[in-house]
1. Take the residues in the stretch 19-33 that are part of a loop (DSSP other than H, G, I, E, B) and surrounded by 13 or more Cβ atoms within 10 Å (Cβ to Cβ); name whichever of them is modelled with the lowest pLDDT.
2. Being more than 16 Å from residue 115 (Cα to Cα), open to solvent by less than 60 Å² (accessible area, probe 1.4 Å), among the charged types (D, E, K, R) and assigned to a loop (DSSP other than H, G, I, E, B) is the filter here; which residues of the stretch 57-87 pass it?
3. Looking for whichever is assigned to a strand (DSSP E or B), surrounded by fewer than 17 Cβ atoms within 10 Å (Cβ to Cβ) and either modelled with pLDDT of 95 or more or small (Gly, Ala, Ser) (or both) here; the options are 90, 117. Which one fits?
4. Does the stretch 136-160 hold any residues that are among the basic types (Lys, Arg) and either open to solvent by less than 50 Å² (accessible area, probe 1.4 Å) or closer than 20 Å to residue 63 by Cβ (or both), and which are they?
5. Tell me whether the stretch 34-44 contains one or more residues that are assigned to a strand (DSSP E or B), modelled with pLDDT of 80 or more, out of contact with any strand residue (DSSP E or B) (no Cβ under 6 Å at 6 or more places or on another chain) and at negative phi.
6. Does residue 153 meet the test of being of a type in the set (Phe, Trp, Tyr) and in a strand (DSSP E or B)?
7. How many residues does the stretch 36-54 hold that are open to solvent by less than 30 Å² (accessible area, probe 1.4 Å) and closer than 15 Å to residue 26 by Cα?
8. Give the number of residues within the stretch 120-147 that are β-branched (Val, Ile, Thr), in a loop (DSSP other than H, G, I, E, B) and free of Cβ contacts under 8 Å to residues at least 60 places away in the same chain.
Amino acid sequence: IAIDSLSKAIMEDKNYKTPYSYQHSLVPFVVRDHKIIRYQRDNSGNYTVIGQLPATSEIKDLKLCFATKDKLLIEDKIIDNSCDFETMSFVGSTVDVISPCDGGQGQIPIVIEYNYFFKDKNGVYLYHTNEKTMKKLSYDPQTFDETKMIEFYTNAGASL
């Protein structure tokens, strides 16, 4: 049976996926022929390409997203990566529950948003659901850790 190259790459486990994230999951992708190919699978098991972009560097796995030297693949978006690729790391994430209850029968939509914190040798960065860029924060990357992340979120969370 002839298999198309996308299906073959997926079956060979050369695909990239992150853990499921309620309402904001990363679209899975494969790297093939120096391209990042984003795909989806339908209920019949067929794969469809939904977008592609050049793979400008190796892919860095940041647990809930992936980075290249110039792009960040996060949730269902591709944004510019403003971090230093070599020293970039994922610090952690927090959840904003905007609307927690569906009223019991789905009449009120549940709305969840996430905050992702990164750091590199130059600074600390925040990406919030529905933003188009990462925001640089005024923290020392040498001392920014999960405790500082929670402090920031507790103090500034309402204004995110």
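1. Ranking the qualifying residues of the stretch 19-33, first place goes to 23.
2. 70, 84, listed by residue number.
3. When all the criteria are applied, what remains is 90.
4. Selection gives 148 alone.
5. The answer is no, given that none of the residues of the stretch 34-44 is assigned to a strand (DSSP E or B), modelled with pLDDT of 80 or more, out of contact with any strand residue (DSSP E or B) (no Cβ under 6 Å at 6 or more places or on another chain) and at negative phi.
6. On the way: of a type in the set (Phe, Trp, Tyr): yes; in a strand (DSSP E or B): no.
When the stated conditions are applied, residue 153 does not pass them.
7. Within the stretch 36-54, residues that are open to solvent by less than 30 Å² (accessible area, probe 1.4 Å) and closer than 15 Å to residue 26 by Cα number 4.
8. Of the residues in the stretch 120-147, 2 are β-branched (Val, Ile, Thr), in a loop (DSSP other than H, G, I, E, B) and free of Cβ contacts under 8 Å to residues at least 60 places away in the same chain.
The values are calculated or read from the model by the stated rules, or taken from the named source; none is laboratory data. Small disclaimer: the values here were computed from a predicted structure and weren't measured. As a convention, Cβ positions derive from the backbone with ideal geometry for all residues, glycine included, and neighbour counts pool all protein chains shown. Accessible surface is based on the protein model in full, side chains and every heavy atom, while ligands, DNA and RNA are left aside. Shrake-Rupley method; radii C 1.70, N 1.55, O 1.52, S 1.80 Å.
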